[in-house]
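The values are calculated or read from the model by the stated rules, or taken from the named source; none is laboratory data. Since we're looking at a predicted model, the values are computed, not measured. Cβ atoms come from the backbone with ideal geometry, glycine included; neighbour counts cover every protein chain shown.
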Ligand code: A3P
């Protein structure tokens, strides 16, 4: 285990932005409200993209909120120090809440509530590449020496927020519940407008065509890259060093092909197959 992380109930976290005390508060005391909307992801799966989509849907396509308020204030990360306690005091309704927490340590009061979860999943190979670059520039994550070293940790969950496999398997147990919706980063890439409309339906929000057009236009990679409320350029350099890698890096499907060697890909496939062979859902990347 890396010495830059601590272990909370089997999952690793960085002490720079989280604490065991706050995690325990989130898990055991945080009060979920029935109109809460949770944006849940494994890191680098499209979290900030979904914040932008949800922010615009909640404002009927009006971009004022996304242009004036940083995404971490619009949809705070539940497990970051102090966030859950601040959310508890917030008068904002509905609350838009982001989290990378695995299901087994997610807040207990979610159980039995009508709060909605939107779970975004990305090809674990592209997630790995994105996380590799992010880990080089983000102070909370261990700087990987090489993709080879990184993949060894990634594939066994020896990194912040644990394993992609247990994250996905844990959250996908909610499949079939009315208050749970999942989709993939690849779905967003393939049919953004259709995905936005599905999310609106799930949230019970009726947007006219013009409002949907505005959501779609404002969440393009190019527009988000330019929006300093969404591209993390407002954070200090010692926290996220965007000179090492921009947050809005490439935003494409299949970048792993530019990074993995044949041996790394075979190693990945072997572990993926062992972990996911009995999984009931087939994802877009399973077909290729
Ligand atoms: P890459 O590093 O592959 O470019 P998260 O928000 O979960 O941290 O994920 C960040 C990843 O999502 C980055 O991937 C980023 O470029 C990508 N991303 C963010 N907004 C996007 C958008 N509007 N369109 C496509 N990809 C986007």
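Before moving on, here are some points about what is shown:
- Residues in segment 255-266 that are surrounded by 14 or more Cβ atoms within 10 Å (Cβ to Cβ) and assigned to a loop (DSSP other than H, G, I, E, B) were compared, and the one that is farthest from the ligand (Cβ to nearest atom) is 260.
- Residue tally, condition under 15 Å from residue 48 (Cα atoms), without any contact (Cβ under 8 Å) to a residue 12 or more places away in the chain and part of a helix (DSSP H, G or I), over segment 172-228: 3
- Filtering segment 33-55 to residues that are within 13 Å of the ligand (Cβ to nearest atom), farther than 25 Å from residue 163 by Cα and touching a residue at least 60 places away in the same chain (Cβ under 8 Å) leaves 52, 53, 54.
- Filtered residues of segment 56-94 (kept if over 20 Å from the mean Cα position of the chain (by Cα), within 25 Å of residue 171 (Cα to Cα) and within 16 Å of the ligand (Cβ to nearest atom)): none
Residues checked against (1) over 19 Å from the mean Cα position of the chain (by Cα); (2) under 26 Å from residue 207 (Cα atoms); (3) surrounded by 15 or more Cβ atoms within 10 Å (Cβ to Cβ):
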| site | (1), (2), (3) |
| --- | --- |
| 5 | yes, no, yes |
| 20 | yes, no, no |
| 48 | no, yes, yes |
| 52 | no, yes, yes |
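- Residue 231 within 30 Å of residue 16 (Cβ to Cβ), surrounded by 16 or more Cβ atoms within 10 Å (Cβ to Cβ) and touching a helix residue (DSSP H, G or I) at 6+ places or on another chain (Cβ under 6 Å): yes
- Tally, over segment 144-162, of residues that are within 24 Å of residue 77 (Cβ to Cβ) and within 16 Å of the ligand (Cβ to nearest atom): 7
- Test: residue in segment 118-136 that is more than 11 Å from the ligand (Cβ to nearest atom), assigned to a loop (DSSP other than H, G, I, E, B) and touching a residue at least 40 places away in the same chain (Cβ under 8 Å): no
- Condition met for residue 182 (away from the ligand (no atom under 12 Å from the Cβ) and either over 13 Å from the mean Cα position of the chain (by Cα) or modelled with pLDDT under 95 (or both)): no
- Of all residues in segment 53-67, none satisfies being in a strand (DSSP E or B), touching a strand residue (DSSP E or B) at 6+ places or on another chain (Cβ under 7 Å), at pLDDT 95 or above and closer than 22 Å to residue 116 by Cβ.
- Flag if residue 126 is touching a helix residue (DSSP H, G or I) at 6+ places or on another chain (Cβ under 7 Å) and either surrounded by 15 or more Cβ atoms within 10 Å (Cβ to Cβ) or on the phi > 0 side of the Ramachandran plot (or both): yes
- Residue check for residue 195: over 30 Å from residue 264 (Cβ atoms) and touching a strand residue (DSSP E or B) at 6+ places or on another chain (Cβ under 8 Å): yes
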